[in-house]
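All remarks here apply to the structure that follows.
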Amino acid sequence: MTGLLQPEDLTGDQLHLVRGGARLSGGRTDIVFSTREPEHQRRILARLAQVDDLDALRLFMSLPLQYPVSVDALSAEQRTILRRVPAGSVTLSGAFATRVLDHAVDVRAVVVRSPRWRPGLRLAGRFLGAAPTVLILPSSAHVPPTEIWEAAVTGVGVWVDEPDGLHELVPVGRFRPEVIKPAMWRFEERAYGAWLRSGPEPPVGSGACERRYASGSEGSYRTR
């Protein structure tokens with residue numbers, strides 16, 4: 001059986017690997033995403049990085065993108081939040097507010113690289129509601145045959161890092177979003193912020209990325 005996400009799906013000039021960029025439920029691991037270039041460039045011009053205030057994101061989700069809304073139509077709580085949102089996220093014109101902030105990234109996958117089966121599966125399970133999730137194990141890792149079903153049932157994909165590349169042991173299950181929407185947007189924003197702070201990393205699949213994350217090191221995503 002072939003999973004919905006394959007190792008080659010995590011390569012490409014438009015994809016970025018951020019080590020430690022996925023943060024959720026007290027867990028932290030790697031994330032692969034593409035940027036939405038129009039929004040990314042807009043934020044550069046606006047000098048706006050990540051926006052991870054949950055109240056602000058909840059407000060933004062109630063405002064249509066690029067459509068003016070009467071401030072008087074907002075609740076008192078929403079108007080209070082509106083006064084503190086970062087510059088570059090909303091424009092104000094007279095009695096109207098227009099949300100200009102959009103999602104900056106599209107998450108492709110959360111990737112957990114672990115030397116051991118059980119701790120890796122436990123960490124991967126924390127991210128299942130946020131993105132397709134893959135556990136990458138070294139070929140030397142012991143995976144009890146009586147326990148492999150746990151990954152299949154939960155939807156965690158398991159890939160083994162062999163000398164000739166990544167091999168699928170358990171296919172990635174169908175992604176079923178469980179994280180409530182404002183929290184999901186914050187998840188994306190934190191990954192975006194980590195990418196901005198990290199340099200950013202070379203695109204996944206680029207020669208620079210492959211050299212930096214060589215075989216056997218954390219963050220290696222070689223394909224067959």
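The values are calculated or read from the model by the stated rules, or taken from the named source; none is laboratory data. All values reported here derive from a predicted model rather than from experimental measurement. Reconstructed Cβ throughout: ideal geometry from the backbone, glycine too, with neighbour counts over all protein chains shown.
See the values below:
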item	result
Pair list, Cβ under 6 Å, 6 or more apart: the range 85-112 residue without any contact (Cβ under 8 Å) to a residue 40 or more places away in the chain and in a strand (DSSP E or B), other residue surrounded by 21 or more Cβ atoms within 10 Å (Cβ to Cβ) and aromatic (Phe, Trp, Tyr)	Arg99/Phe60
First in the range 49-63 and assigned to a helix (DSSP H, G or I), second anywhere and among the charged types (D, E, K, R), Cβ under 8 Å, 6 or more apart	Leu54/Arg186; Ala56/Arg84; Leu57/Arg186; Leu57/Glu189; Phe60/Arg99; Met61/Lys181
Residue among Pro177, Pro145 that is assigned to a loop (DSSP other than H, G, I, E, B) and without any contact (Cβ under 8 Å) to a residue 24 or more places away in the chain	Pro145
Residue list for the range 64-77, restricted to those being in contact (Cβ under 8 Å) with a residue 12 or more places away in the chain and either within 22 Å of the chain's Cα centre (by Cα) or not in a loop (DSSP other than H, G, I, E, B) (or both)	Leu65, Val69, Ser70, Val71, Asp72
Some residue of the range 33-51 being basic (Lys, Arg), surrounded by 14 or more Cβ atoms within 10 Å (Cβ to Cβ) and modelled with pLDDT under 95	no
Qualifying position, being of a type outside the set (D, E, K, R) and over 22 Å from the mean Cα position of the chain (by Cα), among Thr146, Thr154	Thr146
Enumeration of residues in the range 148-174 that are modelled with pLDDT under 90, in a loop (DSSP other than H, G, I, E, B) and either of a type in the set (S, T, N, Q) or more than 14 Å from Gly125 (Cβ to Cβ) (or both)	Pro163, Asp164, Arg174
Lone qualifier among Arg58, Arg19 - being modelled with pLDDT under 95, surrounded by 16 or more Cβ atoms within 10 Å (Cβ to Cβ), of a type outside the set (A, V, I, L, M) and closer than 20 Å to Asp106 by Cα	Arg19
Val170 closer than 24 Å to Arg19 by Cβ, surrounded by 22 or more Cβ atoms within 10 Å (Cβ to Cβ) and more than 20 Å from the chain's Cα centre (by Cα)	yes
Odd one out for Thr80, checked against (1) part of a loop (DSSP other than H, G, I, E, B); (2) more than 26 Å from the chain's Cα centre (by Cα)	(1)
